[in-house]
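The values are calculated or read from the model by the stated rules, or taken from the named source; none is laboratory data. Remember, predicted model here, so these are calculated numbers, not experimental data. Cβ coordinates were reconstructed from backbone atoms using ideal geometry, including for glycine residues, and neighbour counts include every protein chain displayed.
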Amino acid sequence: MEKSFLQKYGIVLVLLLICAVLSFLSPVFLTAPNLINVIRQISINGILAIGMTLIIITGGIDLSVGSQVALTGAVVAGLLSSGTSIALAIIVGLAAGALIGFINGTIITKGGVPPFIVTLGMLTAARGITLIYTGGRPIYNLGSTFRFFGAGYVGGIPVPVIILGIILIISHFVAKHTVFGREVYAVGGNPEAAVYSGVNKNKRLVQVYTFMGFLSAITGIVLTSRLGSADPTAGTGFELDAIAAVVIGGTSMFGGEGAVTGTMIGALIIGVINNGLNLLNVSSYYQQVIKGVIVVGAVLMDGYARNKQKKPAKVS
Amino acid sequence: MGNDCLLAIAGISKRFSGVKALDNVSFEVEKGEVRALIGENGAGKSTLIKILSGIHTADSGTIFFDNTKVDLKTPRDAQDLGIATVHQELNLVPSLTVSENVYMGRLPHKSGVIDYKQLHAETERVFQKLGVKIEPTAVVRTLGVAKRQFVEIAKALSQGAKLVIMDEPTSSLSAGEAENLFSVIKTLQSSGITFIYISHKLEELFKIADSVTVLRDGEFVATRDITDCTMDNLVELMVGREITTLFPKVKVELGEPVLHVDNLNRVGEFENISFTLNQGEILGVSGLVGAGRTELARCLYGISKPDSGHIYVNGQECIIHKPLDAVNQGICLVPEDRKLQGLVLKMSVQHNVSLATLSRLKKLLGLIDSKKETDAVNGAVSKLQIKTPSIKQLVGNLSGGNQQKVVLAKEVLANPKVLILDEPTRGVDVGAKAEIHRLIGAFVQKGGAVLMISSELPEILGMSDRILVMSKGRIVQEFGADEATQEKILSCAL
Ligand SMILES: Nc1ncnc2c1ncn2[C@@H]1O[C@H](COP(=O)(O)OP(=O)(O)OP(=O)(O)O)[C@@H](O)[C@H]1O
Ligand SMILES: [Mg+2]
């Protein structure tokens, strides 16, 4: 059955509600510069959360994305500061990210180790490699041209937002209209039935984790570019925001269900809350508490809206 | 309502977002009787059962149990009243043991610590009563479908209920095991327990039921004493028109051998399996549950690896290590358990039906040709008469028999050279069964080959060109279509 309006868009209503409250509390909130600012701030989390959506749809998780961001950022920065061309540095960075994801995916499928464990290991290992590579110090002197990716504008729109938009459109399309996307949902929904239907489950899983690594590398490049340096401790905790965006966006942690468009709403909710609390000068200690409450509350409200629509069967 | 009325259903209606599953259904069930409940796939039988067991709540209508109006909000409410249910789709925890599943929610304990000795002893006793051998300490995941079905039955019977409801309990049992179940039902009936019994195997009803209630398109049609009915009566009441319930086998010229299996072995499962399957042929595989038939099918399909032996497709030896290898060789499988291996319940009918065909629906860049996909799926859905409001409906929301048809549609759409069917018409109503048999006939007419495992002897006898009988992992006998009879097959199978 096609989902009803509330089931599909309940979370959009939650977002609008939060926006309405904030625009009431702060006159600055609903101005164009501030809204553009919000979208720019969520672009980093947004890119990661798109990859995370696909992973969670397969029934997996990737805890190592923050470390992947730091490592790929450091690789690119290291190459740039030693005089490598920007194009080459970026290509190597993207390849490094994809490689980390490929390793994650391969150990998960070939080794039969649960994604939680594999990526937990990668979280520490990749962070360690970053620290070794950088000697624990940030890498500076990346040249002013490189700033374009994180801090530049095209037609008044921040470049990270454009990158996010392109990735969002492509990913949405890939998830909904390609064989790859369809098989990813099937693998997450019922791995056994997918395999029985001739789906190459392991290949799909490796591809999904590799894609995550690739997106982490893009994030690493954008972040390094915006900050003008690669900090070996960058990206700590990014995985949590990404997972939060995915879950708020309505993707099931059990796999088989979800959409990157929902994730984008999730990322927006998190971004809007961060922004609003800053505008209202809430102390950062309180911010964390409020953020936690609102994140859980948003999912509760969404669930409530869905349940009002149709009581789900307790047993299928 | 008489005094001997145990259950009275009055004006029950239920809709699921636009689908009318039950419409003003009323009938009564007397104390101590075995009441059969029949109807086509999607008629609303399981929905009614789910309302009686507290899983769904009715939109309107009332239920009287023991002459009191009852409100069944949760499965617990129903259990407390004395209503136990064996659902159509099994609901066991695969990682737990048999006895833990049987007594789930009622585990015997001493101040919170499970008393395993008592647990296993009690479970043992229930199975003894049922006349089946299942180890109480076995993990459910390791059991085949038939044994899991018995675990479900044990679970319901062990609750000491007044009313036991069974939704297609024999759909995965062989004839002998079904007889076991019948004698248990008879014993319990004589001690005053009432049964509601759903089945598509109408011939069973004459052995076990006292009366029968028919539903059609969510509406009550009739309740009759079974002694007043013939098979044809029942079918007519169910369908509302006359239909052919038997599909005559089409004669097909046999072609080249497509699948040749030479001395295949897998320790503990089957031994020395050799046979040849030709183009245009339906090779039936008969035998008791546990004879190694499903294991053989799984091995041919690459789910498990043989210990020794060879498989040839079109004369070429091939190594099949995973299902994808089999699919690439043109072998497809309709697995025995639709919920576990056949379907992605969270996906739509459309996405399930096309799942095994995606590589052929692919355009540039891995895009799915959506027009081709919807056309193909719509074609398959109407050919198999799958009852669904739209192809966008989630498969999990279809009735059991219609889910089975989705699995078939998926594999037939993939258009393989060899189609392995493991209990293809499990849970399918009489009309649709004939439809499926016709479809299998059309498939071999176009040059396909079918290896058909079935516990239903009429199906095996009616459809097969040749019949292999398996027992204890070996092929013990081969029959040509005209020499086989039920008696001959049964005597070899034992
Ligand atoms: N959770 C649900 N959501 C939407 N529709 C449903 C749901 N459950 C059942 N239906 C619909 O209600 C109708 C009755 O289904 P039900 O499962 O009761 O049929 P049934 O008589 O048990 O059939 P079968 O013999 O195939 O098991 C069907 O059309 C089915 O698609
Ligand atoms: Mg049913």
What is the one condition in (1) at pLDDT below 95; (2) more than 16 Å from ligand 1 (Cβ to nearest atom) that B:GLU89 does not satisfy?
(2)
Residue ranges of strands (runs of 3 or more DSSP E) in region B:48-97 with at least 2 members closer than 19 Å to B:PHE195 by Cβ and not assigned by TED's automatic domain parsing to the domain that holds B:ALA146
none
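Residues are listed down the side, and each one gets a yes or a no for (1) under 24 Å from A:ILE243 (Cβ atoms); (2) surrounded by fewer than 18 Cβ atoms within 10 Å (Cβ to Cβ):
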site: A:GLN68; (1), (2): yes, no
site: A:ALA96; (1), (2): yes, no
site: A:ILE103; (1), (2): yes, no
site: A:LYS110; (1), (2): no, yes
site: A:SER144; (1), (2): no, yes
site: A:PRO158; (1), (2): no, no
site: A:PHE173; (1), (2): yes, yes
site: A:PHE180; (1), (2): yes, no
Among the residues of region B:47-71, which ones are more than 10 Å from chain A (Cβ to nearest Cβ) and among the small types (Gly, Ala, Ser)?
B:ALA58, B:SER60, B:GLY61
Among (1) within 16 Å of ligand 2 (Cβ to nearest atom); (2) without any contact (Cβ under 8 Å) to a residue 12 or more places away in the chain - the single one B:SER382 does not satisfy
(1)
Checking B:ILE331 against (1) more than 8 Å from chain A (Cβ to nearest Cβ); (2) within 16 Å of ligand 1 (Cβ to nearest atom); (3) touching a residue at least 60 places away in the same chain (Cβ under 8 Å); (4) buried (at least 22 other Cβ atoms within 10 Å of the Cβ), which test does it fail?
(2)
Answer yes or no as to whether B:LYS410 is crowded, with 20+ Cβ neighbours inside 10 Å, of a type in the set (D, E, K, R) and within 14 Å of another protein chain (Cβ to nearest Cβ).
yes
Note: among B:GLU487, B:GLU478, just one is among the acidic types (Asp, Glu) and either crowded, with 20+ Cβ neighbours inside 10 Å or touching a Lys or Arg at 6+ places or on another chain (Cβ under 8 Å) (or both), namely B:GLU478
Looking at B:VAL418, B:VAL344, B:VAL377, B:VAL349 in this structure, which one is within 24 Å of the chain's Cα centre (by Cα) and either closer than 15 Å to A:VAL195 by Cα or modelled with pLDDT under 95 (or both)?
B:VAL344
Candidates B:VAL428, B:VAL395 - the one that is buried (at least 18 other Cβ atoms within 10 Å of the Cβ), within 16 Å of ligand 2 (Cβ to nearest atom) and under 17 Å from A:ASN190 (Cβ atoms):
B:VAL395
How do the strands (runs of 3 or more DSSP E) wholly within region B:139-235 filter down when requiring 1 or more residues that are out of contact with any helix residue (DSSP H, G or I) (no Cβ under 7 Å at 6 or more places or on another chain) and more than 16 Å from ligand 2 (Cβ to nearest atom): which remain?
B:163-167, B:194-198, B:219-225
Name the one entry in B:ILE467, B:ILE420, B:ILE475, B:ILE436 that is more than 16 Å from ligand 2 (Cβ to nearest atom), among the hydrophobic types (A, V, I, L, M, F, W, C) and outside any strand (DSSP E or B).
B:ILE436
Collect the residues in region B:372-392 that are crowded, with 19+ Cβ neighbours inside 10 Å, more than 16 Å from A:GLU183 (Cα to Cα) and facing chain A (nearest Cβ under 10 Å), keeping them in residue-number order.
B:THR388
Mind checking which residues of region B:1-56 are polar (S, T, N, Q), in contact with a strand residue (DSSP E or B) (Cβ under 9 Å, 6 or more places away or on another chain) and more than 10 Å from ligand 1 (Cβ to nearest atom)?
B:SER13, B:ASN24, B:SER26, B:SER53
Find the residue count for region B:340-371, including only residues that are of a type outside the set (Ser, Thr, Tyr), assigned to a helix (DSSP H, G or I) and facing another protein chain (nearest Cβ under 8 Å).
7
Any residue at all in region B:313-322 that is closer than 26 Å to B:THR357 by Cα, over 25 Å from the mean Cα position of the chain (by Cα) and acidic (Asp, Glu)?
yes
Tell me, please, whether a residue that is more than 29 Å from B:THR230 (Cβ to Cβ), outside the structural domain of B:ASP337 (by TED's automatic domain parsing) and modelled with pLDDT under 85 can be found in region B:112-121.
yes
